[in-house]
Every structure is written in C-alpha cells, then in structure tokens.
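Peer 1: Questions regarding the structure given below will be posed in turn.
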Amino acid sequence: MAEGKGRVCVTGGTGFIGSWIIKRLLEDGYTVNTTVRSSPAQNKDVSFLTNLPGASQKLKIFNADLSDPESFNAAIEGCVGIFHTATPVDFEVNEPEEIVTKRTIDGALGILKACKNSKTLKRVVYTSSASAVSYHDKEEDVLDESYWSDVNILRNLKPFSWSYAVSKTLTEKAVLEFGEEHGLDIVTIVPTFVIGPFICSKLPSSINGSLPFLFGDVDKNPFGMSRFHMVHVDDVARAHIFLLEHSNPRGRYNCSAFTASVGDIIDIISSKYPEIQISKSKVLMGAKGPNPPCLTSKKLMDIGFEYKYSIEKMIEDTIECCNEKGYL
C-alpha cells in the first residue's frame, strides 16, 4: 500500500486535539496509526474516525493504555513521526495527583523508549499545555517558552485543575530530558485553551471549561478568569504537523493565537447569535481569580507558522458545531 507522505502515529486519537490531527493528516496525504484506550466495560464508538475521508484506506486503530506503555509498540512500528496527545484529564482530581502524574510520565517515557528503538522514526511531537507554563510567582504578563509552572505552588495552592497542571509540567520536562539524553528528536507544543469544531464524541473539556456560559452555566467560572487565551483546534493541528515537517525545530513552542476578555467574548456571541442570552454581569462576577499571563507564539511564528483563524471565527465555529451536535 502506498503511504503518501509516510506513516505516522497519533496517540489519544479519540480526543479533541488527537482526532482533529488525524483528520488533518489524512487530508494531507499521510497514513495514520492511532491508539484508543481499551475499556473492558464498553466498546468505544470510533465511527467518527473511521468515517473520515480516506480512513478506510489510510487509518489503522490500535488499543493501547498509558498504564501499559508496551501496548503502544505495535502502533509505533514503521512510523516516521509520533504525535503524543494521549493524557489523563482529571480537572476534578478524582484520583490522587501522584498516581495521575506517575501514570502520565511512565506512559510517555515508555512510548519514547519504543521510539528510540524504531528504525524509521524521525521525530516525536508531544502535546503539552499552557498549564505547564503559567503557574509561578513571577509577575510577568507575557511568557515565552523559557517559563515553567512551579509544581510546589500548584500543590500548595491547589487551584482548579492543579493536578492536571502538575502532571503536564512534569511529563513535558521528562519528555524533553529523555530526548536530550538519548538523542531522540523531540519537540513539544504548548497550546492554550483550544476551541472550535470537534469530531470527537464528547464535548471537549477545554470548550466547556473556557465557555461554560454558552451552556447556561452563567454562574460557573471554574478557572475564575476574566480573560482567556485561545487557539482554534485546526491551528493547533496544523502547528503539530508543521513541527513534524519542519527541517530543524528545537524544544518547546507556545501555541496561542488570541487573548480575549470574557466581556469581549460575550459581545461577539451576542452580536452574531442574539438568540443566545448571556448575562455578562453574572459571568464576570465569577471571575475572582488572577488573570493568567499571555503566552507568546513568537518562536513558532519566527520559524514560519501562520495562524489562520480570527477570534470571531473561533467562536463561530465552536457555536455552530455545538448547535449541530445538540449541546446548545
């Protein structure tokens, strides 16, 4: 079978970002292996992946779990690139942070060990999070890739989603250190809140967490922010593929297109969708916490990446998709 641009692996293929990367890769001429976490209790519906254009010829789905890193070996075999997007998302801290962090790190390093032994692999692109950059005691309003979240501050203060932030910070550090120690070509991408359309089966947590007022939760602002840093899911997917294909990327890359206040976001929604009634004053009353610093994407843009989507288009695509799928 001709493989076009080559065979690549996307871990966490049923997730918001992972599924959209698969969609983009198939459109761009890649052959794709993806991993889905197996569940003894239920068979996952992956028809949203198998129904993608080109999937019947160029998409292969494997069962794998971060708790068993060797389960990824078959999916990685023969691939020229790996997109590691799989990660436990437990904003509510239902499991102890230490367990989530250990599973995430062990899973990532197990996957990288398989990558190190590969005869075909050229590069690994790891999906991190703005939460691995934003939490520290430095009074800066703009952060580049040199900043790391302070896990001691996260563990002491326990802000919303603190466990997730700890696991993403420590895993990204471990991934980059592994690459340096073993000569494996690894780059990491650090997206802010990702919004936009989705093909995955559930409402993405990044949409529900940053725009809860869309779904009637005007009193809910789990992150306590009056501004959000956002990026369109298609720009995130394009950035992943851009970093895979670039001749010589290095280290971390922030991926954040826009910063918008909650008030501005509500104004955009109200002007485009007057039928969606949102009480701006009630939403802003929930913005009690400090505003997160902005993540600059200068490093990514300096090597040639260009964002395609305006803030208005990001919000429009999110609402249209949520309407279509019955969430609004």
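The values are calculated or read from the model by the stated rules, or taken from the named source; none is laboratory data. These figures come from a predicted structure and were not determined experimentally. Neighbour counts run over all protein chains shown; Cβ positions are idealised from the backbone, glycine included. Note: areas computed on protein heavy atoms with side chains; ligands, DNA, RNA excluded. Shrake-Rupley method; radii C 1.70, N 1.55, O 1.52, S 1.80 Å.
Peer 1: Using +1 on the beta carbon of Lys and Arg, -1 on that of Asp and Glu, and nothing else charged, what's the dipole of region 237-304 about the Cα centre, debye to 20?
Peer 2: Value, rounded to 20: 240 debye.
Peer 1: Then there's this: If the reach is capped at under 18 angstrom between alpha carbons, list the lysines near Lys173, excluding any in the same chain fewer than eight residues apart.
Peer 2: Leaving aside lysines fewer than 8 places away in the same chain, those within reach of Lys173 are Lys102, Lys113, Lys116.
Peer 1: For Leu244, Leu284, what's the largest-to-smallest order of accessible area, 1.4 Å probe?
Peer 2: From most accessible down to least: Leu284, Leu244.
Peer 1: Something else now. Give me a comma-separated list of calculated 3J(HN,Hα) values for region 228-239, in order, Karplus coefficients 6.51, -1.76, 1.60 applied at θ = phi - 60°, integers in Hz, x for any Gly or Pro.
Peer 2: Taking θ as phi minus 60°, the curve returns 10, 9, 10, 8, 6, 4, 5, 5, 5, 4, 4, 5 Hz for region 228-239.
Peer 1: By average Cβ neighbour count within 10 Å, what is the ranking of 21-28, 113-120, 161-168 from highest down?
Peer 2: 161-168, 21-28, 113-120
Peer 1: Additional query: In deg cm²/dmol, rounded to 500, what helix-only [θ] at 222 nm does the chain give when every DSSP H run of at least 4 residues adds -39500 (n - 2.57) and the total is split over its residues?
Peer 2: After summing the helix terms and dividing by residue count, I get -11500 deg cm²/dmol.
Peer 1: What does the charge dipole of the chain about its Cα centre add up to, to the nearest 20 debye, if the Cβ of each Lys and Arg holds +1 and the Cβ of each Asp and Glu holds -1?
Peer 2: Charge dipole, the chain, about its Cα centre: 520 debye, nearest 20.
Peer 1: In Å², what does the accessible area per residue of region 47-159 work out to with a 1.4 Å probe? Provide the component values of the computation, followed by the final result.
Peer 2: Details: 5750 Å² over 113 residues.
Accessible surface, normalised per residue, equals 51 Å².
Peer 1: Another question, then. How would Met225, Met301 line up by accessible area, probe 1.4 Å, largest first?
Peer 2: Numbers: Met225 15, Met301 100 Å².
Sorted by accessible area, descending: Met301, Met225.
Peer 1: Based on the mean of other Cβ atoms within 10 Å per residue, sort peptides 100-110, 266-276, 192-202 so the most packed one is first. Each step should come with its number before you reach the end.
Peer 2: Details: 100-110: 19.5, 266-276: 14.4, 192-202: 21.6.
Final packing ranking: 192-202, 100-110, 266-276.
Peer 1: Could I ask something else about it? Which cross-chain or sequence-distant (5 or more) residues have an amide H under 5 Å from the amide H of Phe258, H modelled 1.01 Å from N in plane?
Peer 2: The list, which skips near neighbours in sequence, is Met230.
Peer 1: Which of the listed residues, Pro159, Ser129, Ala108, is farthest toward the dipole's positive end in region 92-183, when Lys, Arg count +1 and Asp, Glu count -1 at the beta-carbon?
Peer 2: Ala108
Peer 1: Dividing the alpha-carbon Rg of region 184-256 by 2.2 N^0.38 Å yields what?
Peer 2: Cα-based Rg divided by the globular estimate yields 1.33.
Peer 1: I would also like to ask the following. Where does the Debye-calculated log10 I(q)/I(0) of region 199-328 sit at q = 0.13 Å⁻¹, using only Cα point scatterers of equal weight, no solvent?
Peer 2: Values, matching the q order: -0.60.
Peer 1: While we're looking at this one, here's another question. Quick one: net charge around Ser134, please, counting Lys, Arg +1 and Asp, Glu -1 for every other residue with C-beta under 11 Å from its C-beta.
Peer 2: 0
Peer 1: Excluding residues on the same chain fewer than 8 positions from Lys313, give the lysines whose Cα lies under 20 Å from its Cα.
Peer 2: Lys23, Lys272, Lys325
Peer 1: Could you size up the charge dipole of region 193-264 around its Cα centre, putting +1 on the beta carbon of Lys and Arg and -1 on that of Asp and Glu, and report it in debye to the nearest 20? Don't skip to the end; give the middle numbers.
Peer 2: Details: 6 positive and 6 negative charges, 48 e Å.
Once rounded to the nearest 20, the dipole reads 240 debye.
Peer 1: Using θ = phi - 60° and the Karplus curve 6.51 cos²θ - 1.76 cosθ + 1.60, what whole-Hz ³J(HN,Hα) does each residue of region 13-29 get, with Gly and Pro shown as x?
Peer 2: These are the phi-based 3J(HN,Hα) values: x, 8, x, 4, 6, x, 5, 6, 4, 4, 4, 5, 4, 4, 5, 8, x Hz.
Peer 1: Regarding the chain, what is the average projected area of its C-alpha convex hull, in nm²? Intermediate results must be reported in sequence, preceding the final value.
Peer 2: Working: hull surface 65.2 nm².
Mean projected area for the chain: 16.3 nm², to one decimal.
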